[in-house]
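One structure is given below, encoded as structure tokens.
The values are calculated or read from the model by the stated rules, or taken from the named source; none is laboratory data. The structure presented is a predicted model; accordingly, all values stated were derived computationally and were not measured. Cβ atoms come from the backbone with ideal geometry, glycine included; neighbour counts cover every protein chain shown. Just so you know, the surface numbers come from the protein's heavy atoms only, side chains and all, with ligands and any DNA or RNA stripped out. Shrake-Rupley method; radii C 1.70, N 1.55, O 1.52, S 1.80 Å.
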Amino acid sequence: MGRKKVNRIYSMFAYDEETQKSKCLMEGCDTTIKGNHGANLLRHFFSQHRAKYNEIHSSNLAAKENILPQTSNTKTVLQCCTRLVTDHGRPFNFIEDKAFRDILKLIPGVTQNQHQAINIKNVRSSIQDMAHEVRGKICNEIKNNLLAIKVDIASIKLRRFLGLNIQYVLDGKIVLRNLSIVELFDRSTGQYLKENVVFILSRYGIELNQIHTITTDNGANMISMTNQLNEAARDSLNQSVSETFDDFDIETVIDYNEEDPSFIEHSLELDTSTGSTPEAVRTVTSIRCAAHCLQLAVKDACQEMEEFLGHCRKIVRNLRTPTVAMRLKQLKLQNAVIDTPIRWDSTANMLERLHKLKDFCTTNLVFEPETIWDSIEKYLNILQPCRILSKRLQMEQLTFGDFYIAWMKCRLQVEQIDDNFAQRLLCCLRSRQEMLFTNEYFLAAIYLDPRVNATLSNAQQINARAVLVETYKRLTRLATPEPSTSGVDDDAPGTSAELDSCGQNINFDNYLREHFFSIRYTTTDEPHTSQSLEREINLKLIAFIQEPVLPSKTNVLEYWERKQFTDPYLYKLAKVILVTPPTSVSVERLFSSLKFVLNNLRMSLSDSIIDDVLVVRNIHLFDEE
């Protein structure tokens, strides 16, 4: 008789002596494994039931039982080489360096053939496989959701690239994903950019009708690209509306006859009655980057101080001459920095560094009047609120409400400064703010943020509600017909969720809450129509705007997560609207990663491997955060 098997993994399988196969006993898993070897059984749980595997793993360690063998040294080394190339920016050819090959020989248990398997070709293949897995993960996360995308262009090492990010809410947090970075080989016209964006979206199975906003800078080619994407999405919508009945009944499926010609007419009548025919629907809304708007506002204000800034640049150039720079180094002082005139924050950094070198300048350089140092200090104090705002806009978990609160704080601080330049800056900030308030999605995002929605006028509230109702219609069109058990946001609120007779684990409490919550708000005995649902959503929105104002430090995403069961209609809207990105800063970060990857030792990398490297690199960086 063999020794007693105390490894807990055996209790999770039913072994059939006749067929000599082990069947997994985890609910919903019908996997059968040949034999009854503990390592094979553990391997199945490691790949398919990771949480349970960790529990068994810990139990086996305590009992000093056999556990899943570690991954082979060769595979582990290959994965580490992949991380070196993607995350740490090492060139591929380091794998062939003699010193690295000697290090491989020091790894115990790795044969000569396994040494040879660790090569540039296999590392490239590993990167491609990992990039494929990442893209598959993103596809599953964004399936049938309305998405907000960010697009920008950058030139690096005489090569031009287009970067595209998306973001959405998952578990109460904004999730940022890099979809792709493609190299441009033609003039950056609106048509050419649109074709590249459509190509990137098609790789992830994203339809144009899933895009509700696109955040870009104010470039003419970007505006043209957005308009062309909007036209293409509208054409797709017009084509689909002639094939599919736009039914917004969230609780009762209305029977209809597809052969009845009045079917299509009724669909069009519903759209016309709401004042939004398919041709009038704006499917892709352009969002101006808030960071770019701040840049333009400060740049406009600084135009009147060009003469003063020119004098400061002259002083900095003197400080940057070899002789003076050497003296600064001997005194252990920081070097002066010259600004990039098109970026106001670099100008502020130049003034700040120059102010720190005041004592050195008055002692070692040609005498400058005291007024210039007073002016530098004054301008730094006036620009300080804008510098704080600029750093705030670089945060990833940033909603329009967060941006608006930071913007208003900046305005209030500038208002308190009694100076002509401060008044000029305040005027420029107000002008840019008016441009932001003309954006319909900005108004919608502010409307759903109880911290700041009290600032909206009646006319702005009406416009915001119209956008929110139209967005809910789009969400309903994208809703999948299959029932889901993952939560309220996967099903249209109030859908008749049936209990599975096969014993699937459906939360019955959630079913009752969703079902009867919808009935409570049904005001008529007639079936839901597009008009009745629109009135119902409007009533909920009107009631919401009357709720008490929340403190400005409240996390609005967590606030809506707590309301997902009590107000599922508006919760679904909030998950889409609040995630609208106010800036395209994350694309700028993508280009910073590109500079790290595309260095002087890696100039020959093809555009496809660059894309794969950045997809893997950025998913690792975002997951670590």
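Quick notes
- Residue 191 modelled with pLDDT of 85 or more, closer than 30 Å to residue 467 by Cα and open to solvent by 70 Å² or more (accessible area, probe 1.4 Å): yes
Residue by residue, here is whether (1) among the aliphatic types (A, V, I, L, M); (2) on the phi > 0 side of the Ramachandran plot; (3) part of a helix (DSSP H, G or I); (4) in contact with a strand residue (DSSP E or B) (Cβ under 6 Å, 6 or more places away or on another chain) holds:
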| residue | (1), (2), (3), (4) |
| --- | --- |
| 139 | no, no, yes, no |
| 149 | yes, no, no, yes |
| 153 | yes, no, no, yes |
| 162 | yes, no, no, yes |
| 168 | no, no, no, yes |
| 177 | no, no, no, yes |
| 187 | no, no, no, no |
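- Qualifying positions in the range 465-475 - touching a helix residue (DSSP H, G or I) at 6+ places or on another chain (Cβ under 7 Å) and over 25 Å from residue 142 (Cβ atoms): 465
Each row is one residue, and each column tells you yes or no for (1) among the basic types (Lys, Arg); (2) buried (at least 20 other Cβ atoms within 10 Å of the Cβ); (3) part of a helix (DSSP H, G or I); (4) under 17 Å from the mean Cα position of the chain (by Cα).
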{"residue": "549", "(1), (2), (3), (4)": "no, no, no, no"}
{"residue": "581", "(1), (2), (3), (4)": "no, yes, no, yes"}
{"residue": "594", "(1), (2), (3), (4)": "no, yes, yes, no"}
{"residue": "609", "(1), (2), (3), (4)": "no, no, yes, no"}
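- Selection from the range 18-48 of residues that are over 19 Å from residue 61 (Cβ atoms) and charged (D, E, K, R): 18, 21, 23, 27, 30, 34
Quick grid of which residues meet (1) within 19 Å of the chain's Cα centre (by Cα); (2) among the aliphatic types (A, V, I, L, M); (3) over 24 Å from residue 92 (Cβ atoms); (4) open to solvent by 50 Å² or more (accessible area, probe 1.4 Å):
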| residue | (1), (2), (3), (4) |
| --- | --- |
| 122 | no, no, no, yes |
| 127 | no, yes, no, no |
| 134 | yes, yes, no, no |
| 138 | yes, yes, yes, no |
| 158 | no, yes, no, yes |
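- Of all residues in the range 551-570 being closer than 22 Å to residue 456 by Cα and without any contact (Cβ under 8 Å) to a residue 12 or more places away in the chain, the one that is farthest from the chain's Cα centre (by Cα): 553
- Index of the failed condition, residue 441 passing every other in (1) open to solvent by 30 Å² or more (accessible area, probe 1.4 Å); (2) more than 14 Å from residue 293 (Cα to Cα): (1)
- Inside the range 24-53, residues that are touching a helix residue (DSSP H, G or I) at 6+ places or on another chain (Cβ under 9 Å), of a type in the set (S, T, N, Q) and either open to solvent by 60 Å² or more (accessible area, probe 1.4 Å) or part of a helix (DSSP H, G or I) (or both) make up a count of 1.
- Extreme residue, farthest from residue 617 (Cα to Cα), among residues of the range 61-80 that are crowded, with 17+ Cβ neighbours inside 10 Å and modelled with pLDDT of 75 or more: 77
- In the range 160-178, the residues that are open to solvent by less than 10 Å² (accessible area, probe 1.4 Å) and aliphatic (A, V, I, L, M): 162, 164, 166
- Of the helices (runs of 4 or more DSSP H) entirely within the range 212-307, those holding at least 3 residues that are out of contact with any Ser or Thr (no Cβ under 7 Å at 6 or more places or on another chain) and modelled with pLDDT of 80 or more occupy 220-241, 290-301.
- Against the criterion of being under 30 Å from residue 37 (Cα atoms), not polar (S, T, N, Q) and not in a loop (DSSP other than H, G, I, E, B), residue 78 qualifies.
- Matching option when the condition is modelled with pLDDT of 85 or more and buried (at least 22 other Cβ atoms within 10 Å of the Cβ), among 200, 153, 181: 181
- Given (1) loosely packed, with under 12 Cβ neighbours inside 10 Å; (2) closer than 30 Å to residue 579 by Cβ, index of the condition residue 371 fails: (2)
- Any hit, the range 344-357, residues being within 23 Å of residue 455 (Cβ to Cβ), free of Cβ contacts under 8 Å to residues at least 60 places away in the same chain and out of contact with any Cys (no Cβ under 6 Å at 6 or more places or on another chain): no
- Beta carbons closer than 7 Å, at least 6 apart along the sequence or on distinct chains, pair a first residue in the range 88-100 that is part of a helix (DSSP H, G or I) and surrounded by 15 or more Cβ atoms within 10 Å (Cβ to Cβ) with a second that is modelled with pLDDT of 85 or more and of a type in the set (S, T, N, Q) for 95/119.
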